[in-house]
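A quick write-up on the structure given underneath.
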Amino acid sequence: MAILSSRRRSAAISTAAVAGLAAAGVCFAVGGASAGTVSGSLYRDPGSAVVRWVAANPGDSRAAVIRDKIASQPQARWYANFNPSTIQSEVSGFVGAANAAQQIPVLSVYEIPNRDCGGASAGGAPDLNQYQTWVSNFARGLGNQTVLIILETDSLALQTCLSPSELSARNQALTTATQTIKSANPNAKVYLDGGHSTWNSANDTANRLRAAGVQYADGFFTNVSNFNPTSSEANFGRAVISALNGMGISGKRQVIDTSRNGGAAGDWCADDNTDRRIGQYPTTNTGDANIDAYLWVKPPGEADGCRFTAGSFQPDLAFSLANGAPNPPTTAPPTTNPPTSAPPTTAPPTTAPPTTAPPTTPPPAGNGCSASVAINQWNGGFTASVNVTAGSAAINGWTVTVALPGGAAITGTWNAQASGTSGTVRFTNVGYNGQVGAGQTTNFGFQGTGTGQGATATCAA
């Protein structure tokens, strides 16, 4: 995203997504939202850059404020690397951890070719054919529970570098990407780029959304890493929705990025502006029928590319945003503390950390273990959640054998290592979830094609 303040547009985001995973966050509350179409708690990723910084700097005078007001909150995970061979496993691990925690993950897809018109966040897939391959692999990792997809920031609001034929091809690519994601996970909520209230007009924005296939999506997002007040964005969103309705496209809703809109206006680049504050804390409880969620799409404290490298975490920026901002709601604190160890020197593993779930079958006696499998089936595929329960004594390592129905094939696994993809498949623990206390339960999962109904699981410690 180039640094052109005359565009009054959104700021830069890293071209490398943080890969750390953990199942943690605020408590899940089905039906807890009012107004919009999304209900439940958003997923907090304790592997994010801000959480790792807080863990590594407990004595820093800024750490408490950053921890309490930023690191405690759910934020979007950005997928901005062109990695078609690994993107499915990365997504399935992240989504699987959120599903196991019964929370809603937010994924920001940022891979469109000619991204940011060659600005500070230039990059993306080499061409649209390879983009569609990447999107298809991305979609296979989404499972079948609710996920929020922020599809290609700036892809519609910023089109000045595209020829008419390139613009037509981009619109078709976004339409196909939306359909691909919705086909893979019918419960995915997909939002297209709506820019923000001080960029393009509402009618222009609606026309761009229509050309890019918003009729197949759930709506649009605005204000991603910009600073316009929430009220201005909501008014703009209503005007866009009204314009879409006039085109015969109804039922679309808005999500608003509130990560940095709680302070001063002016020059858009926050690297040099210390007067801004974090805005409304992330929630699906918007109280507005037109708005599905207030999200922190741009992680607060990550630079825009003005004074610091785009996407790098800067504690001074985070502290500036958080210092003096209101405290988070006391009804939704994080359920786990950030890790106390120093941050890794390489990207954290893409295998999701464990989430303990209550056992669904009585624990076995002695040093054994039991396993139970629950299948979520949809047309052409399924996800499986497997509980592993220790007996009356703790176990150190487990193997679960799952017998799959004929024709079923595993395409992704989280919280375990799989041996095989069809028929009888053996799953073994990963490093962090092999030790299970007496009577306690850990969980892993997998995704597959075909029919998973009728799968059975047995456990050996």
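The values are calculated or read from the model by the stated rules, or taken from the named source; none is laboratory data. Small disclaimer: the values here were computed from a predicted structure and weren't measured. FYI the Cβ positions are ideal-geometry reconstructions off the backbone, even for glycines, and counts take in every protein chain you see.
Miscellaneous remarks
- Meets criteria (surrounded by 18 or more Cβ atoms within 10 Å (Cβ to Cβ), assigned by TED's automatic domain parsing to the domain that holds Gly251 and in contact with a strand residue (DSSP E or B) (Cβ under 7 Å, 6 or more places away or on another chain)) for Ala303: no
- Filter pass, Arg52 being at pLDDT below 95 and part of a helix (DSSP H, G or I): yes
- Strands (runs of 3 or more DSSP E) within the range 390-461 that include 1 or more residues outside the structural domain of Asn99 (by TED's automatic domain parsing) and touching a residue at least 60 places away in the same chain (Cβ under 8 Å): 399-403, 409-414, 441-449, 456-460
- Of the residues making up the range 103-129, those that are over 18 Å from Gly311 (Cβ atoms) and over 22 Å from the mean Cα position of the chain (by Cα) are Asn114, Pro126, Asp127, Leu128, Asn129.
- No other residue among Ser183, Ser155 is more than 17 Å from Val38 (Cα to Cα) and touching a strand residue (DSSP E or B) at 6+ places or on another chain (Cβ under 7 Å) apart from Ser155.
- Positions within the range 146-171 being in a loop (DSSP other than H, G, I, E, B) and in contact with a Ser or Thr (Cβ under 8 Å, 6 or more places away or on another chain), in sequence order: Thr153, Asp154, Leu156, Ala157
- The range 64-106, subset part of a loop (DSSP other than H, G, I, E, B) and in contact with a helix residue (DSSP H, G or I) (Cβ under 6 Å, 6 or more places away or on another chain), residue farthest from Asn185 (Cα to Cα): Pro84
- Against the numbered list (1) surrounded by 16 or more Cβ atoms within 10 Å (Cβ to Cβ); (2) more than 30 Å from Gly251 (Cα to Cα); (3) at pLDDT 95 or above, Tyr79 comes up short only at (2).
- Condition met for Asp116 (surrounded by 24 or more Cβ atoms within 10 Å (Cβ to Cβ), modelled with pLDDT under 95 and charged (D, E, K, R)): yes
- Extreme residue, surrounded by the most Cβ atoms within 10 Å (Cβ to Cβ), among residues of the range 386-400 that are out of contact with any Gly (no Cβ under 9 Å at 6 or more places or on another chain) and of a type in the set (Val, Ile, Thr): Val388
Matching residues to (1) within 26 Å of Lys182 (Cα to Cα); (2) crowded, with 21+ Cβ neighbours inside 10 Å:
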| residue | (1), (2) |
| --- | --- |
| Ala384 | yes, yes |
| Val402 | no, yes |
| Gly423 | no, no |
| Arg426 | no, no |
| Val430 | no, no |
| Thr441 | no, yes |
| Thr449 | yes, no |
| Ala455 | yes, no |
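- Condition check for Gly143: farther than 22 Å from Gly194 by Cα, small (Gly, Ala, Ser) and assigned to a loop (DSSP other than H, G, I, E, B): yes
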